[in-house]
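**Student:** Pasting a structure here, questions to come.
The values are calculated or read from the model by the stated rules, or taken from the named source; none is laboratory data. Computed from a predicted model, the values in this text were never measured in an experiment. Reconstructed Cβ throughout: ideal geometry from the backbone, glycine too, with neighbour counts over all protein chains shown. Each accessible area value is taken on the protein alone, full model and side chains, heavy atoms only, with ligands, DNA and RNA left out. Shrake-Rupley method; radii C 1.70, N 1.55, O 1.52, S 1.80 Å.
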Amino acid sequence: QVQLVESGGGLVQAGGSLRVSCAASGRMFRIDDMGWYRQAPGNQRELVATISSGGSTSYADSVKSRFTISRDNAKNTVSLEMNSLKPEDTAVYYCNVRAENLWSGRNYDYWGQGTQVTVSS
């Protein structure tokens, strides 16, 4: 089992910046891809950004050039730096981790509890 603890988020005015972070912990797991998703009221959860264990990143078109995802493999943490925030970025942001169980070799997806990001106009 992998536990994810998120931090950061909050309320910011349009054009401002916020950072959300997520720390993963667990025994006998190897963390593979890490990422962030978000869900606004009435909408489906959508991918924001992902980063592989090797550092390759991908972003949703709506956040490219504004958001930056990073990770610290030694600490099993992933962060999302969000700049030039817009009201449409308002959502609950969820950390996602894909981890391999070192006993079984199977991969599992884990989700954080979510953290609210609100951007006022």
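**Student:** If you check residue 119 against the conditions, is it closer than 16 Å to residue 12 by Cβ and either at pLDDT 95 or above or not in a strand (DSSP E or B) (or both)?
**Tutor:** yes
**Student:** Another question about this same structure. Return yes when residue 24 is out of contact with any Asp or Glu (no Cβ under 9 Å at 6 or more places or on another chain), part of a strand (DSSP E or B), closer than 18 Å to residue 116 by Cα and among the small types (Gly, Ala, Ser) and no when it is not.
**Tutor:** No: the conditions fail for residue 24.
**Student:** Let me ask something else. Name the residue, out of 12, 48, 2, 63, that is surrounded by 14 or more Cβ atoms within 10 Å (Cβ to Cβ), within 17 Å of residue 85 (Cβ to Cβ) and touching a residue at least 60 places away in the same chain (Cβ under 8 Å).
**Tutor:** 12
**Student:** I need a count of the residues in the range 47-83 that are part of a loop (DSSP other than H, G, I, E, B) and under 14 Å from residue 9 (Cα atoms).
**Tutor:** The number of residues fulfilling the criteria is 1.
**Student:** Can you name the residue in the range 107-121 that is loosely packed, with under 13 Cβ neighbours inside 10 Å and under 16 Å from the mean Cα position of the chain (by Cα) and, of all such residues, is nearest to residue 52 (Cα to Cα)?
**Tutor:** Within the range 107-121, the match that is nearest to residue 52 (Cα to Cα) is 109.
**Student:** Which one of these is on the phi < 0 side of the Ramachandran plot, assigned to a strand (DSSP E or B), open to solvent by less than 60 Å² (accessible area, probe 1.4 Å) and among the basic types (Lys, Arg): 19, 38, 30?
**Tutor:** 38
**Student:** Select from the range 84-106 the residues that are at pLDDT 95 or above and in a loop (DSSP other than H, G, I, E, B) and write down the one among them that is surrounded by the most Cβ atoms within 10 Å (Cβ to Cβ).
**Tutor:** Among those residues, the one meeting the criterion is 85.
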